[in-house]
Amino acid sequence: MPISPEGYLPTRGFFYFVLQVRTLDRYYMQMALDLARQALGRTSPNPMVGAVLVKDGRVIGQGYHTRPGTPHAEIHALREAGERAAGATLYVTLEPCCHQGRTGPCTEAILAAGVKRVVAAMTDPNPLVSGRGLERLRRAGVEVTVGVMEEDAQRLNEVFIKYITTRRPFVVLKTAMSLDGKIATRSGESQWITGPQARLAVHRLRDRYDAVLVGINTVLKDNPSLTTRIPQEDGRDPVRVIVDSLARTPPEARVITQQSSAPTIIAVTEKAPAQNLRRLERAGAQIVVVPGNGPRVDLAGLMAELGRREITSVLVEGGGEIHASFLEARLVDKVIWFIAPRIIGGRQAPGPVGGEGPARLVDAIRLKDVSLSRYGEDLCVEGYVVDPGGEG
């Protein structure tokens, strides 16, 4: 356990004291971030939040938000601390709320408990809060520090930040290819390019994000189930979204018939035959007609509709054409790219991104904040799409 601020030695000087406090703030904020991550994939449309209460150099309360409609992280920490919360410091990964939602305002509970200092990693991007919670605490005499490990907190809640500020889901494009850039052989065989560890990582992604999306060609060629299968764990199935302009999805397709608590949404255009729609609805699918002028489903319109349904994140797992459509429409926020150490070859073997592609290299989509990881023999490249109008 690090030395508490109360253990500061005056002979070492003011700047040593400041450095010591900052180190402690990061230590306890990291603890709060680790708590928040325990609810990964379970709090949508809410953010993941962790909280730690510290007094006299000891943790006296901690907690995290587990799912919508349940107490917030601060409330769990305050309840655990009880009367000891008076005079304590609260570390929380997101600004405490100050409005009445599904639960009461956390600011009032913090004030009622007599907390002396609040350290928040970031302000809440929710327009209903957005600095008001911290200001409420300051006006009541609570010492407030904000910005400790802010980048870590923002990355943790990147989905929530995108959704709450735009009402559109955070879109992740995931693909798996061979070393020479193929996602299948010339005959269409694609199972399995990557190894078991990479495939398990994909199921953990499905467990994390609200929805998984593919195009009709993937359904017709591969007949996937698009469920979450994690050995010895209770994985959560994402909502399955099929982009199918003319409603050609077979009613007996696995995306419709498998046992799952999550629904299947078929996104169609206004030109989809009525008999196809009726057949799919009878099979249990939900039909979403996306208005548009073209022959294809308007993906931007579809994302807006999913946002209205409080679907905050979408994992795109389709083929080359649906990937190209999302990238060309500038709808992708993050890319997760698995690369297997095998060479397939073949002029007719498909790649991960189809479409026309740019004529000039300067127009190619670029990534930032790129990281590299390994799953067994497979590599995984992750990065964020650079906005064509700037660096974010």
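The values are calculated or read from the model by the stated rules, or taken from the named source; none is laboratory data. Please read these numbers as outputs of a predicted model, since none were measured by experiment. Ideal geometry is used to build each Cβ from the backbone, glycine not excepted, and the neighbour counts take in all protein chains shown. Areas reflect the complete protein model, heavy atoms only, side chains present, ligands, DNA and RNA absent. Shrake-Rupley method; radii C 1.70, N 1.55, O 1.52, S 1.80 Å.
When the accessible area of the stretch 239-360 is computed with all protein chains present and a 1.4 Å probe, what percentage of it is carbon and sulfur? Please list the in-between numbers first.
On the way: 2860 of 6030 Å².
Its accessible area is 47 percent carbon and sulfur atoms.
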> If you average the sequence gap of Cα pairs under 8 Å that are 6 or more apart and divide by the length of the stretch 55-181, what percent do you get for the contact order?
Replying inline: 19
> Counting only the heavy atoms of the protein chains, how much of H99 is accessible to a 1.4 Å probe, in Å² to the nearest 10?
Replying inline: 50
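Would you work out the charge dipole size for the stretch 262-392 about its Cα centre, treating the Cβ of every Lys and Arg as +1 and the Cβ of every Asp and Glu as -1, and quote it to the nearest 20 debye?
420
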>> Just to be sure I understand: with springs between alpha-carbon atoms less than 10 Å apart, which residue in G351, G319, G69 has the highest mean-square fluctuation in the Gaussian network model of the chain?
In response: G69
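Using heavy-atom solvent-accessible surface (probe 1.4 Å) with all chains present, what is the largest-first order of E83, E270, E143, E95? Please list the in-between numbers first.
Details: E83 175, E270 125, E143 95, E95 5 Å².
I get E83, E270, E143, E95, largest accessible area first.
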> D for the stretch 133-189, whole µm²/s, Stokes-Einstein with Kirkwood Rh over alpha-carbon pairs at 20 °C and 1.002 mPa s: what number?
Replying inline: 135
> Along each of its three principal axes, how wide is the spread of alpha-carbon positions in the stretch 74-115, in whole angstrom units, largest first?
Replying inline: 27, 18, 15
> When ligands, DNA and RNA are left out and all protein chains stay put, how many square angstrom of accessible area per residue does the stretch 267-392 have with a 1.4 Å probe?
Replying inline: 56
> Taking 0.36 nm per residue of separation and subtracting the Cα-Cα distance, what length does fully extending Q232 through R139 add?
Replying inline: 28.5 nm
> Excluding ligands and nucleic acids, what accessible area in Å² is computed for E328 using a 1.4 Å probe, to the nearest 10?
Replying inline: 120
> Which Cα, out of L40, S371, V142, lies furthest along the positive dipole direction of the chain (beta carbon charges, K/R +1, D/E -1)?
Replying inline: L40
> Can you give the alpha-carbon Rg of the stretch 321-379 over 2.2 N^0.38 Å, where N counts its residues?
Replying inline: 1.31
>> Report for the chain the percent antiparallel among DSSP-assigned beta bridges with both residues inside it, nearest 5.
In response: 40
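Which FRET efficiency value, to the nearest 0.05, do you get for D387 and A112 by plugging their Cβ-Cβ distance into 1/(1 + (r/R0)^6) with R0 = 51 Å? Could the numbers behind the result be given before it?
On the way: r = 43 Å, r/R0 = 0.85.
FRET efficiency, D387 to A112: 0.75.
Place a +1 charge on the Cβ of each Lys and Arg in the chain and a -1 charge on the Cβ of each Asp and Glu, then give the dipole magnitude about the Cα centre in debye, rounded to the nearest 20.
380
Could you state, as a whole-number percent, how many of the C-alpha pairs of the stretch 145-286 are farther apart than 17 Å?
On the way: 6866 of 10011 pairs.
That tail contains 69 percent of the Cα-Cα pairs.
With an 8 Å Cα cut-off and a minimum separation of 6 or more residues, compute the relative contact order for the chain in percent.
Numbers: 815 pairs, mean separation 55.7, N = 392.
Answer for the chain is 14 percent.
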>> Need one number: nm distance between label points at L220 and L361, each 7 Å from Cα along Cα→Cβ, rounded to one decimal.
In response: 3.7
> Between N46, N293, N157, which gets the highest mean-square fluctuation from a Gaussian network model of the chain, Cα cutoff 10 Å?
Replying inline: N293
>> Keeping all protein chains in place and using 1.4 angstrom, which order do L361, L137 fall into by accessible surface area, from largest down?
In response: L361, L137
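Quick one: pull the percentage of alpha-carbon pairs in the stretch 246-352 with a separation above 17 Å. Provide the component values of the computation, followed by the final result.
Working: 3612 of 5671 pairs.
Roughly 64 percent, rounded to a whole number.
Per residue, how big is the convex hull around the C-alpha atoms of the chain? Give it to me in cubic angstrom, could you?
Numbers: hull volume 69.6 nm³, N = 392.
Convex hull of Cα atoms, per residue: 177 Å³.
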